[in-house]
């Protein structure tokens, strides 16, 4: 069986992409092919795993294909510069029997997720799937459309809307609904409506309470770290193919090099039970904060018997804590909100659709699906806590916990995105944090120091490598990876250890049912081989930066204070932004920056300029001197105070991406 890699129609080395469902964008470097066939042990493991799967249950196949209308004749979606943003044919290889280099359950899921085009869900309800990692839903109103979740970038959203106009009709858009605060559900808004139409009142933008706060801040504080980890999670730099990236769990991939935008909501949903009528279409809302996103909502169309469950009930188990990083979510609240959804809307629901994956039809089917999905999250929470209270650590719980067979017989409860293993650790973290109560783990040595001592204790790198190789030959890849990783951190230039680590990661990737685990293992293999797989430091999309409140902006500055550069400084600077009628006093002392708000206490300097100019100075490299010379910025008081203040900061982004599987 082949393990060759099919090259995508476009090189991701030529464009930027949204890496996480937050704000960080990036410019990837050249991709490199993973190498290595599946070992006999991996082939046997996948065969044994296949025997546990409910192959007789073909309902998901039928649901994923139901209602297909058409797709684009040209599979390449391009940006204004002509660069490919998304290749709809990139995953055409994901069909037929599973290759030896892929878990059979994962392969089945990829074959369904790769389907793309316009689908008719029900009278007046349409979806465009496969044009992005997320799904755009379209509701016909009396005279036009309501758009739900306009994808990640303007280019894919515009292409999706073009398909709608061609096959359904060219009608005005009266409203856009953002189901929640992740960028793959709002970033393409300018591909379907203009900001002018929103400002004029022609188009409403509807979002849940807290949307703007979380949309612009969730990933900003830890942006560089989250961006780096997201490369691993989504497998962005891996070749698409049977031995490479075959999807991202809830969709196939995030578009590359598109235009991420944001138009602020005109209408905010504050409470469950709130209603709205848009061009004759009634909507009932349910707010679900703290589930899949800090700001999220479900809603029901009573005239259509249609329930939208946002990203709260996908065709896979979701993440309680994404591997890329985020605030830990609440598995119990997630389950409870699904129970509330069925209490509020279940008796009236004839069709249910979500923001990733395919719909469900029929009142009983919807009720069963939501209940089973709810039960999976509730089981995850309750059993993680039960085992935690019996004294088990997060690692021990992850090794033990598994859904009951009655739930795993449903494909949508499988861990293609989130897994019981890392989700149970997230539940543990939510309640007890990182510390497992064993004092030996209270103040452990850092990775390189402990690795050197372990390898010395084993009799040196050569002996340790021999043990690791024996483990690999026996198919014990977790142990071979553990040992090889220790050697790599003890001796970063040990090529044999790095190659063994890469090979161990590959085999675990080939066996993983989770698309995210597969991506992380295969990206780890790339790094271990020193194949360039790290994107250049990214930037933050301009629309996001402009949406940040000024206090949030100063919070970002505060986490860039370098203690050595700030040592001994005691500076107070007032920043005045006349265009926003804002004044803030910032103090730098004890290597800490504090925003004291509109304080009128004395300052060393007062800096006056339009806020966009300040943003340009921070994020676009505009020099303060040029702003002063052009009369854009005025400094009253000690002219060198601003220089000393800004000179205490790190650069906006790291000079080089940090390694993950190497020292």
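Here, each number is a calculation from the coordinates, and none is a lab measurement. No experiment lies behind these values; they were computed from the predicted model shown. Glycine gets a Cβ as well: all are built from the backbone with ideal geometry, and neighbour counts include every protein chain shown.
List of remarks:
- Peptides ranked, highest mean first, by Cβ atoms within 10 Å: ranges 80-86, 172-178: 172-178, 80-86
- For the chain, share of DSSP beta bridges that run antiparallel, in % to the nearest 5: 75
- Panel order for 482, 473, by other beta carbons found within 10 Å of each beta carbon, from fewest to most: 473, 482.
- If you take the Cα centroid of the stretch 356-406 and the Cα centroid of the stretch 303-354, the two points sit 13 Å apart.
- Cα centroid separation, the stretch 247-282 to the stretch 180-218: 7 Å.
- Take 179-185, 55-61 and order them by the average number of nearby Cβ atoms within 10 Å per residue, most first; the result is 179-185, 55-61.
- Cβ-based exposure ranking for 432, 516, in which fewest neighbours within 10 Å come first: 432, 516
- Inter-part distance where the stretch 407-458 and the stretch 620-640 are each reduced to a Cα centre, Å: 49
- Relative contact order (%) - criterion: Cα under 8 Å, at least six apart; region: the chain: 14
- Taking the C-alpha atoms of the chain, convex hull volume expressed per residue in Å³: 170
- Sorted by Cβ neighbour density within 10 Å, fewest at the top, the residues 315, 587: 587, 315
- Antiparallel content of DSSP bridges confined to the stretch 542-646, in %, to 5: 80
- When the alpha carbon coordinates of the stretch 542-646 are projected onto the principal axes, the ranges are 33, 28, 26 Å, largest first.
- Residues of the stretch 599-615 with amide N under 19 Å of the 7 Å Cα→Cβ point at residue 643: 604-608
- Each peptide in 283-293, 497-507 was scored by the mean count of other Cβ atoms within 10 Å over its residues; highest first, the order is 497-507, 283-293.
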